[in-house]
Amino acid sequence: RGPAFLQNVTSQGVRDYYQILQNRNQTKAEIQTAISNWSTTYNVADQVTAFNTQRQQQEQQGRQNVTTAVQELSSTLNQIYQIMDNQNLTPSEEHQQIGQLFSNMTYPLKSLTGSAL
């Protein structure tokens, strides 16, 4: 369990790593410094750096995805409301059209739209 770089350290190294993470009295910067020092001690600094870079990229992408979804939410809700207000549709057609809209949405937009409805 845990990050892949832990597979390349001793069991003592794994315990030391988790001990760093469990210290709730340190700032995030202090924890980063401690992990950096730890990674040098256990010869996994490059792996830790790669892990952190990948995690930061994923976080950035996730934030961008949510920001985009928020920007699209109003338009998406208007499309759904138009379908719901269309008295010329059968309930089955309404369901199908709304389902089609949802099938083309990103996960963050689906989640926001579902919550808003």
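The values are calculated or read from the model by the stated rules, or taken from the named source; none is laboratory data. Values in this document were obtained by computation on a predicted structure and should not be read as measured data. Counting neighbours? That spans all protein chains shown, and the Cβs are built from the backbone with ideal geometry, glycine included.
May I ask you to list pairs of residues, at least six apart or on different chains, whose Cβ atoms are under 7 Å apart, with the first in the stretch 104-117 being more than 14 Å from Arg63 (Cβ to Cβ) and the second being in a helix (DSSP H, G or I) and charged (D, E, K, R)?
These pairs meet every condition: Leu109/Glu72.
Just to be sure before I move on: is Arg15 modelled with pLDDT under 95, exposed (fewer than 13 other Cβ atoms within 10 Å of the Cβ) and within 30 Å of Arg1 (Cβ to Cβ) in the structure I sent? Walk me through how you get there before you give the answer.
Values: modelled with pLDDT under 95: no; exposed (fewer than 13 other Cβ atoms within 10 Å of the Cβ): yes; within 30 Å of Arg1 (Cβ to Cβ): yes.
For Arg15, the condition - modelled with pLDDT under 95, exposed (fewer than 13 other Cβ atoms within 10 Å of the Cβ) and within 30 Å of Arg1 (Cβ to Cβ) - is not met.
The conditions are (1) within 30 Å of Tyr17 (Cα to Cα); (2) assigned to a helix (DSSP H, G or I), and Asn43 fails exactly one of them. Which is it?
(2)
Could you tell me which residue of the stretch 51-99 is farthest from Phe5 (Cα to Cα), considering only residues that are surrounded by fewer than 14 Cβ atoms within 10 Å (Cβ to Cβ) and of a type in the set (Gly, Ala, Ser)?
If we take residues in the stretch 51-99 being surrounded by fewer than 14 Cβ atoms within 10 Å (Cβ to Cβ) and of a type in the set (Gly, Ala, Ser), then Ser92 is farthest from Phe5 (Cα to Cα).
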